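Colleague: Input: one structure, supplied below.
The values are calculated or read from the model by the stated rules, or taken from the named source; none is laboratory data. Everything numeric here is computed off the predicted structure, so don't read it as measured data. No Cβ is skipped: glycine too gets one built from the backbone with ideal geometry, and neighbour counts run over all protein chains shown. Side chains are part of the model used for accessible areas, which takes the heavy atoms of the whole protein and leaves out ligands, DNA and RNA. Shrake-Rupley method; radii C 1.70, N 1.55, O 1.52, S 1.80 Å.
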Amino acid sequence: MENSPSNLSSERSITLMTWLGYLGLIPFSLCIATFTPDGTFMGVNTRMLFLSYSAIILSFLCGILWSHALTHASHKLSFPILALSNLICLMAWLVIVITPEQFRLGIVVALAGYVCVWLIERIKFNALGNEFPKPYQRLRSISL
């Protein structure tokens, strides 16, 4: 039964999720490695690149929060999770808007968004359990 098509498909999906998750950290690392005092590297504004990618990842993580809320739609946490995920997405958009002029503020707002997502996930996991695979849980712990 271990090698049933659904188990193999599940294992392949988890492996792909793990690889994509870790590969998703590469753009952050490359941007940080190429930060310069003037914020450009080979004509590219690495600060803007870093924070715009951060906003995309924050929005992606908020989409995962939606799945948490919809999976447990009748639970009292569903409404706050949905509302907070939307507020965090707006924070991510704010990061892109303020980045050209206020890089440090953009970093603070992005970091606040990541911390909020992490806290919401922890609250949800403590209240309702964690149905996500171990590699996802490990990746989410490393990412923060």
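Colleague: Once a ≥ b ≥ c are taken as the square roots of the eigenvalues of the Cα gyration tensor of the stretch 52-120, is the result rounded (a/c under 1.5), prolate (a/b larger than b/c) or oblate (a/b not larger than b/c)?
Modeller: Prolate, because a/c is 1.5 or more and a/b exceeds b/c.
Colleague: Between Pro37, Pro80, Pro27, which gets the highest mean-square fluctuation from a Gaussian network model of the chain, Cα cutoff 10 Å?
Modeller: Pro37
Colleague: Let me ask another. Sum up the charges of everything whose Cβ sits under 15 Å from the Cβ of Met48, counting Lys and Arg as +1 and Asp and Glu as -1, but leave Met48 out.
Modeller: Surrounding charge for Met48 is 0.
Colleague: May I pose another question? At 1.4 Å probe size, with every protein chain present, just tell me what the per residue accessible area of the chain comes to in Å².
Modeller: 63
Colleague: Which loop trypsin sites (Lys or Arg not before Pro) in the stretch 12-91, with loop taken from DSSP, have no more than 12 other Cβ atoms within 10 angstrom of their Cβ?
Modeller: Here the trypsin sites (Lys or Arg not before Pro) that fit, given the DSSP loop and packing criteria, are Lys76.
Colleague: Something else about it: For Val95, Val44, what's the largest-to-smallest order of accessible area, 1.4 Å probe? Display every interim value, and only then the final one.
Modeller: Numbers: Val95 0, Val44 65 Å².
Final ranking, largest accessible area leading: Val44, Val95.
Colleague: Report, by chain and number, residues whose modeled amide H sits under 5 Å from the one on Thr40, excluding near sequence neighbours (fewer than 5 apart, same chain).
Modeller: Those qualifying (amide H under 5 Å, at least 5 residues apart or on another chain) are Thr46.
Colleague: Enumerate by residue number the GluC sites (Glu not before Pro) in the stretch 51-144 meeting two conditions: DSSP loop (anything except H, G, I, E, B), and at most 15 other Cβ atoms within 10 Å of the site's Cβ. Provide the component values of the computation, followed by the final result.
Modeller: Details: sites: Glu101, Glu121, Glu131; in loops: Glu101, Glu131.
Here the sparse-neighbourhood loop sites are Glu101, Glu131.
Colleague: Also: For the chain, which whole-number percentage of the solvent-accessible area (1.4 Å probe, protein heavy atoms only) is attributable to carbon and sulfur atoms?
Modeller: 70
Colleague: Of the listed values (i) 2, 9, 16, 18, 15, 8, 5, 5, 4, 4, 4, 4, 3, 2, 1, 1, 0, 0; (ii) 2, 9, 16, 18, 18, 14, 10, 6, 4, 2, 1, 0; (iii) 2, 11, 20, 22, 20, 13, 8, 4, 1, 0, grab the one calculated as P(r) over Cα pairs in 5 Å bins from 0, in percent from the structure here.
Modeller: Evaluating P(r) over Cα pairs in 5 Å bins from 0, in percent on these atoms matches (ii).
Colleague: Out of Asn126, Asn45, Asn86, any idea which swings most in a Gaussian network model of the chain, alpha carbons joined below 10 Å?
Modeller: Asn126
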